[in-house]
Ligand code: R5P
(Lines give C-alpha, C1' and ligand atoms only; values in the text may rest on other atoms or scores of the structure.)
Protein backbone atom coordinates (compact mmCIF):
# COMPACT_ATOMS: atom_id res chain seq x y z
CA UNK A 1 0.00 0.00 0.00
CA UNK A 2 2.79 2.36 0.90
CA UNK A 3 4.45 1.71 -2.44
CA UNK A 4 1.42 2.75 -4.43
CA UNK A 5 2.81 6.12 -5.59
CA UNK A 6 6.43 5.03 -6.01
CA UNK A 7 6.49 4.80 -9.80
CA UNK A 8 5.88 8.49 -10.43
CA UNK A 9 8.08 9.68 -7.61
CA UNK A 10 10.85 12.16 -8.34
CA UNK A 11 14.01 12.60 -6.29
CA UNK A 12 13.46 14.26 -2.92
CA UNK A 13 15.49 16.96 -1.24
CA UNK A 14 15.14 16.97 2.55
CA UNK A 15 18.06 19.42 3.07
CA UNK A 16 19.01 17.33 6.10
CA UNK A 17 22.00 19.55 6.87
CA UNK A 18 19.73 22.61 7.27
CA UNK A 19 17.94 22.41 10.65
CA UNK A 20 14.47 23.90 10.79
CA UNK A 21 14.56 27.29 12.51
CA UNK A 22 12.70 27.58 15.82
CA UNK A 23 12.10 31.31 16.31
CA UNK A 24 10.34 32.36 19.49
CA UNK A 25 10.32 28.98 21.22
CA UNK A 26 12.92 26.29 21.71
CA UNK A 27 10.94 23.44 20.19
CA UNK A 28 10.75 22.69 16.50
CA UNK A 29 7.47 23.70 14.88
CA UNK A 30 5.96 24.89 18.17
CA UNK A 31 6.43 28.68 18.07
CA UNK A 32 2.82 29.41 17.20
CA UNK A 33 1.22 27.35 19.95
CA UNK A 34 -0.58 28.99 22.86
CA UNK A 35 0.93 29.52 26.31
CA UNK A 36 -0.63 26.44 27.85
CA UNK A 37 0.66 24.16 25.10
CA UNK A 38 4.14 25.67 25.33
CA UNK A 39 4.16 25.38 29.11
CA UNK A 40 3.16 21.72 28.97
CA UNK A 41 5.71 20.94 26.26
CA UNK A 42 8.36 22.70 28.34
CA UNK A 43 7.65 20.23 31.13
CA UNK A 44 8.10 17.27 28.76
CA UNK A 45 11.15 18.59 26.88
CA UNK A 46 13.94 20.12 28.96
CA UNK A 47 14.22 23.75 27.76
CA UNK A 48 18.00 23.70 28.37
CA UNK A 49 18.89 20.65 26.30
CA UNK A 50 15.72 20.74 24.19
CA UNK A 51 15.43 16.98 24.72
CA UNK A 52 13.53 14.43 26.76
CA UNK A 53 13.92 10.97 28.24
CA UNK A 54 10.40 9.63 28.46
CA UNK A 55 9.79 6.34 30.24
CA UNK A 56 7.14 4.22 28.51
CA UNK A 57 5.37 1.68 30.70
CA UNK A 58 1.97 1.56 29.04
CA UNK A 59 2.56 -1.90 27.55
CA UNK A 60 0.11 -3.59 29.92
CA UNK A 61 -2.82 -1.87 28.25
CA UNK A 62 -2.53 -4.41 25.44
CA UNK A 63 -0.26 -7.08 26.95
CA UNK A 64 -1.28 -7.45 30.57
CA UNK A 65 1.50 -8.08 33.11
CA UNK A 66 4.30 -8.29 30.57
CA UNK A 67 7.91 -9.06 31.56
CA UNK A 68 9.46 -6.23 33.52
CA UNK A 69 6.08 -4.69 34.31
CA UNK A 70 4.56 -7.48 36.41
CA UNK A 71 4.78 -5.17 39.43
CA UNK A 72 4.81 -1.56 38.30
CA UNK A 73 4.72 -0.45 41.95
CA UNK A 74 8.15 -2.07 42.37
CA UNK A 75 9.85 -1.65 38.99
CA UNK A 76 8.97 1.93 38.01
CA UNK A 77 9.45 4.12 41.14
CA UNK A 78 13.26 3.61 41.29
CA UNK A 79 13.46 4.95 37.70
CA UNK A 80 11.43 8.07 38.31
CA UNK A 81 14.25 10.34 39.56
CA UNK A 82 16.00 9.86 36.20
CA UNK A 83 12.89 10.20 34.04
CA UNK A 84 11.84 13.44 32.37
CA UNK A 85 8.33 12.28 31.60
CA UNK A 86 6.07 9.28 32.26
CA UNK A 87 4.05 7.62 29.52
CA UNK A 88 1.42 5.25 30.86
CA UNK A 89 -2.26 4.41 31.16
CA UNK A 90 -4.48 6.01 33.79
CA UNK A 91 -5.16 2.77 35.70
CA UNK A 92 -1.54 2.02 36.50
CA UNK A 93 -0.81 5.69 37.15
CA UNK A 94 -3.58 5.87 39.74
CA UNK A 95 -2.82 2.56 41.40
CA UNK A 96 0.98 2.33 41.29
CA UNK A 97 2.51 5.82 41.11
CA UNK A 98 2.54 8.12 44.11
CA UNK A 99 0.71 11.41 43.36
CA UNK A 100 3.43 13.41 45.12
CA UNK A 101 5.67 12.88 42.11
CA UNK A 102 6.60 16.06 40.24
CA UNK A 103 6.98 14.66 36.73
CA UNK A 104 4.95 15.36 33.60
CA UNK A 105 2.76 12.64 32.21
CA UNK A 106 1.77 11.64 28.69
CA UNK A 107 -1.50 9.75 29.07
CA UNK A 108 -2.22 6.72 26.88
CA UNK A 109 -5.84 7.28 25.83
CA UNK A 110 -6.58 4.38 23.46
CA UNK A 111 -8.16 1.01 24.18
CA UNK A 112 -10.14 -1.70 22.42
CA UNK A 113 -7.30 -4.01 21.42
CA UNK A 114 -5.12 -6.63 23.07
CA UNK A 115 -2.40 -8.97 21.88
CA UNK A 116 -5.08 -11.67 21.76
CA UNK A 117 -6.74 -9.93 18.79
CA UNK A 118 -6.07 -7.20 16.22
CA UNK A 119 -3.84 -4.57 17.86
CA UNK A 120 -4.83 -1.84 15.46
CA UNK A 121 -8.57 -2.00 16.15
CA UNK A 122 -8.64 0.76 18.75
CA UNK A 123 -10.94 3.48 20.01
CA UNK A 124 -10.40 6.38 22.40
CA UNK A 125 -11.19 5.23 25.93
CA UNK A 126 -9.95 8.17 28.00
CA UNK A 127 -11.28 11.66 27.48
CA UNK A 128 -8.95 14.63 27.41
CA UNK A 129 -10.94 16.01 30.35
CA UNK A 130 -10.09 12.95 32.44
CA UNK A 131 -6.45 13.19 31.36
CA UNK A 132 -6.49 16.81 32.55
CA UNK A 133 -8.12 15.69 35.81
CA UNK A 134 -5.06 13.47 36.31
CA UNK A 135 -2.78 16.40 35.51
CA UNK A 136 -1.54 15.01 32.18
CA UNK A 137 0.84 17.22 30.22
CA UNK A 138 -0.09 15.51 26.94
CA UNK A 139 -2.35 12.80 25.56
CA UNK A 140 -1.55 10.08 23.06
CA UNK A 141 -2.82 7.37 20.80
CA UNK A 142 -1.39 5.62 17.79
CA UNK A 143 -2.12 5.69 14.08
CA UNK A 144 -1.68 2.57 11.96
CA UNK A 145 -0.81 4.26 8.68
CA UNK A 146 -1.25 1.85 5.79
CA UNK A 147 -3.05 -0.66 7.99
CA UNK A 148 -6.60 -1.94 7.83
CA UNK A 149 -7.69 0.51 10.52
CA UNK A 150 -5.79 3.50 9.19
CA UNK A 151 -8.90 5.68 8.97
CA UNK A 152 -10.25 4.78 12.42
CA UNK A 153 -6.89 5.25 14.15
CA UNK A 154 -6.36 8.60 12.43
CA UNK A 155 -9.85 9.57 13.58
CA UNK A 156 -8.84 8.63 17.15
CA UNK A 157 -5.81 10.86 16.85
CA UNK A 158 -7.87 13.70 15.35
CA UNK A 159 -10.30 13.48 18.27
CA UNK A 160 -7.52 13.83 20.82
CA UNK A 161 -5.96 16.74 18.91
CA UNK A 162 -9.32 18.53 18.62
CA UNK A 163 -10.22 18.07 22.29
CA UNK A 164 -6.68 18.80 23.46
CA UNK A 165 -6.60 22.03 21.46
CA UNK A 166 -9.58 23.28 23.46
CA UNK A 167 -7.61 22.98 26.72
CA UNK A 168 -4.03 23.63 25.63
CA UNK A 169 -3.08 19.96 25.95
CA UNK A 170 -0.59 18.69 23.33
CA UNK A 171 -1.04 15.37 21.56
CA UNK A 172 1.73 12.84 20.97
CA UNK A 173 1.11 10.94 17.74
CA UNK A 174 2.53 7.42 17.79
CA UNK A 175 3.20 5.76 14.46
CA UNK A 176 2.45 2.09 15.03
CA UNK A 177 3.61 -0.30 12.32
CA UNK A 178 1.43 -3.22 11.29
CA UNK A 179 3.09 -6.62 10.80
CA UNK A 180 2.84 -6.44 7.03
CA UNK A 181 4.71 -3.12 6.76
CA UNK A 182 8.44 -2.39 6.76
CA UNK A 183 9.97 0.09 9.20
CA UNK A 184 12.07 1.88 6.62
CA UNK A 185 12.60 5.60 6.17
CA UNK A 186 10.06 5.85 3.41
CA UNK A 187 7.28 4.35 5.52
CA UNK A 188 8.23 6.04 8.80
CA UNK A 189 8.72 9.35 7.00
CA UNK A 190 5.27 9.07 5.48
CA UNK A 191 3.61 8.05 8.74
CA UNK A 192 5.35 10.77 10.79
CA UNK A 193 4.47 13.46 8.29
CA UNK A 194 0.84 12.36 8.03
CA UNK A 195 0.27 12.63 11.78
CA UNK A 196 2.16 15.94 11.90
CA UNK A 197 -0.04 17.31 9.12
CA UNK A 198 -3.08 16.24 11.12
CA UNK A 199 -1.81 18.43 13.96
CA UNK A 200 0.00 16.35 16.57
CA UNK A 201 2.46 18.38 18.61
CA UNK A 202 5.16 15.72 18.71
CA UNK A 203 5.66 12.32 17.14
CA UNK A 204 6.87 9.00 18.44
CA UNK A 205 8.26 6.74 15.77
CA UNK A 206 11.00 4.15 15.30
CA UNK A 207 14.64 4.67 14.47
CA UNK A 208 15.60 3.27 11.06
CA UNK A 209 18.66 3.20 8.88
CA UNK A 210 19.45 4.47 6.43
CA UNK A 211 17.44 7.65 6.17
CA UNK A 212 16.35 8.50 9.72
CA UNK A 213 17.67 12.03 9.17
CA UNK A 214 15.18 12.35 6.31
CA UNK A 215 12.33 11.12 8.52
CA UNK A 216 13.24 13.90 10.98
CA UNK A 217 13.71 16.56 8.31
CA UNK A 218 10.36 15.76 6.70
CA UNK A 219 8.49 16.04 10.01
CA UNK A 220 7.86 19.65 11.11
CA UNK A 221 7.42 18.84 14.83
CA UNK A 222 9.71 17.08 17.36
CA UNK A 223 10.32 13.36 17.01
CA UNK A 224 11.09 10.99 19.87
CA UNK A 225 11.94 7.36 19.23
CA UNK A 226 10.46 4.24 20.77
CA UNK A 227 12.97 1.71 22.03
CA UNK A 228 11.35 -1.41 20.60
CA UNK A 229 12.24 -4.96 21.54
CA UNK A 230 14.90 -5.54 24.17
CA UNK A 231 18.40 -5.59 22.76
CA UNK A 232 21.87 -5.62 24.35
CA UNK A 233 22.45 -2.44 26.35
CA UNK A 234 25.24 -1.13 24.11
CA UNK A 235 23.05 -1.61 21.03
CA UNK A 236 20.19 0.31 22.63
CA UNK A 237 22.53 3.16 23.59
CA UNK A 238 23.95 3.16 20.07
CA UNK A 239 20.47 3.40 18.57
CA UNK A 240 19.59 6.28 20.89
CA UNK A 241 22.83 8.06 20.01
CA UNK A 242 22.27 7.72 16.27
CA UNK A 243 18.68 8.92 16.55
CA UNK A 244 19.68 12.01 18.57
CA UNK A 245 22.62 12.66 16.26
CA UNK A 246 20.22 12.66 13.31
CA UNK A 247 17.77 15.07 14.90
CA UNK A 248 15.47 13.16 17.26
CA UNK A 249 14.65 15.25 20.33
CA UNK A 250 14.44 12.36 22.73
CA UNK A 251 13.45 8.81 23.44
CA UNK A 252 10.25 7.30 24.75
CA UNK A 253 11.84 4.06 25.86
CA UNK A 254 10.35 1.13 27.71
CA UNK A 255 11.68 -2.41 27.38
CA UNK A 256 15.29 -1.39 26.78
CA UNK A 257 15.20 0.34 30.14
CA UNK A 258 12.96 -1.72 32.41
CA UNK A 259 14.26 -5.06 31.03
CA UNK A 260 17.93 -4.05 31.25
CA UNK A 261 20.05 -6.03 33.66
CA UNK A 262 20.15 -2.89 35.80
CA UNK A 263 17.31 -0.55 34.78
CA UNK A 264 18.41 2.30 37.09
CA UNK A 265 21.91 2.27 35.59
CA UNK A 266 20.50 1.99 32.08
CA UNK A 267 18.21 5.00 32.31
CA UNK A 268 21.11 7.10 33.58
CA UNK A 269 23.23 5.95 30.63
CA UNK A 270 20.40 6.83 28.24
CA UNK A 271 20.18 10.29 29.81
CA UNK A 272 23.82 11.06 29.08
CA UNK A 273 23.30 10.13 25.43
CA UNK A 274 20.12 12.17 25.07
CA UNK A 275 20.96 15.28 27.10
CA UNK A 276 24.75 15.43 26.82
CA UNK A 277 25.30 13.84 23.41
CA UNK A 278 27.58 11.26 25.02
CA UNK A 279 28.96 8.63 22.66
CA UNK A 280 27.40 5.16 23.13
CA UNK A 281 30.66 3.52 24.24
CA UNK A 282 31.14 6.11 26.98
CA UNK A 283 27.51 5.80 28.05
CA UNK A 284 27.99 2.04 28.19
CA UNK A 285 31.06 2.52 30.40
CA UNK A 286 28.88 4.58 32.70
CA UNK A 287 26.26 1.82 32.66
CA UNK A 288 28.88 -0.75 33.65
CA UNK A 289 30.17 1.49 36.41
CA UNK A 290 26.72 2.16 37.84
CA UNK A 291 25.49 -1.42 37.41
CA UNK A 292 24.98 -3.31 40.64
C1 R5P B 1 3.54 -0.01 23.26
O2 R5P B 1 2.61 -0.64 23.67
C3 R5P B 1 3.77 1.31 23.75
O4 R5P B 1 3.21 2.33 23.01
C5 R5P B 1 5.15 1.66 24.15
O6 R5P B 1 5.06 2.85 24.83
C7 R5P B 1 6.17 1.86 23.07
O8 R5P B 1 6.25 0.75 22.24
C9 R5P B 1 7.55 2.21 23.64
O10 R5P B 1 8.04 1.19 24.41
P11 R5P B 1 9.28 0.31 23.93
O12 R5P B 1 10.49 1.16 24.06
O13 R5P B 1 9.28 -0.86 24.86
O14 R5P B 1 9.05 -0.08 22.50
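The values are calculated or read from the model by the stated rules, or taken from the named source; none is laboratory data. The structure displayed is predicted, hence computed values, not measured ones. Every residue, glycine among them, receives a Cβ derived from its backbone with ideal geometry; neighbour counts consider all protein chains shown.
Tell me, which residue of segment 259-274 that is in contact (Cβ under 8 Å) with a residue 40 or more places away in the chain and over 16 Å from the mean Cα position of the chain (by Cα) is surrounded by the fewest Cβ atoms within 10 Å (Cβ to Cβ)? Spell out how you get there, then give the answer.
Our first condition is that a residue be in contact (Cβ under 8 Å) with a residue 40 or more places away in the chain; within segment 259-274, this holds for 259, 263-264, 267-268, 270-271, 274.
Filter once more, keeping what is over 16 Å from the mean Cα position of the chain (by Cα): 259, 263-264, 268.
Numbers: 259: 19, 263: 19, 264: 15, 268: 19.
Step by step, filter segment 259-274, then rank; the result is 264.
Could you run through segment 212-242 and say how many residues are without any contact (Cβ under 8 Å) to a residue 40 or more places away in the chain, within 15 Å of the ligand (Cβ to nearest atom) and within 17 Å of residue 27 (Cβ to Cβ)?
Qualifying residue count, segment 212-242: 2.
Of all residues in segment 55-88, how many are closer than 19 Å to residue 40 by Cβ and near the ligand (Cβ under 8 Å from one of its atoms)?
Total satisfying the criteria: 3.
Which one of 42, 49, 75 is closer than 20 Å to residue 257 by Cα, at pLDDT 95 or above and surrounded by fewer than 19 Cβ atoms within 10 Å (Cβ to Cβ)? Walk me through how you get there before you give the answer.
Working: 42 fails: closer than 20 Å to residue 257 by Cα; 49 fails: closer than 20 Å to residue 257 by Cα.
Among 42, 49, 75, only 75 is closer than 20 Å to residue 257 by Cα, at pLDDT 95 or above and surrounded by fewer than 19 Cβ atoms within 10 Å (Cβ to Cβ).
Quick one: would you say residue 277 is under 19 Å from the mean Cα position of the chain (by Cα), within 17 Å of residue 48 (Cβ to Cβ) and within 15 Å of the ligand (Cβ to nearest atom)? So that I can check it myself, show each step before the final result.
Values: under 19 Å from the mean Cα position of the chain (by Cα): yes; within 17 Å of residue 48 (Cβ to Cβ): yes; within 15 Å of the ligand (Cβ to nearest atom): no.
No; evaluated as a whole, the condition is false for this residue.
Of the conditions (1) over 22 Å from residue 247 (Cβ atoms); (2) assigned to a loop (DSSP other than H, G, I, E, B), residue 86 satisfies every one except a single condition; which number is it?
Going through the list (1) over 22 Å from residue 247 (Cβ atoms); (2) assigned to a loop (DSSP other than H, G, I, E, B), residue 86 breaks only (2).
Which residue is farthest from residue 65 (Cα to Cα), if the candidates are limited to segment 243-274 and must be more than 16 Å from the ligand (Cβ to nearest atom) and not in a loop (DSSP other than H, G, I, E, B)?
Among residues in segment 243-274 that are more than 16 Å from the ligand (Cβ to nearest atom) and not in a loop (DSSP other than H, G, I, E, B), the one farthest from residue 65 (Cα to Cα) is 245.
Of all residues in segment 219-239, count the ones that are farther than 19 Å from residue 50 by Cα and in a loop (DSSP other than H, G, I, E, B).
Final tally of qualifying residues: 6.
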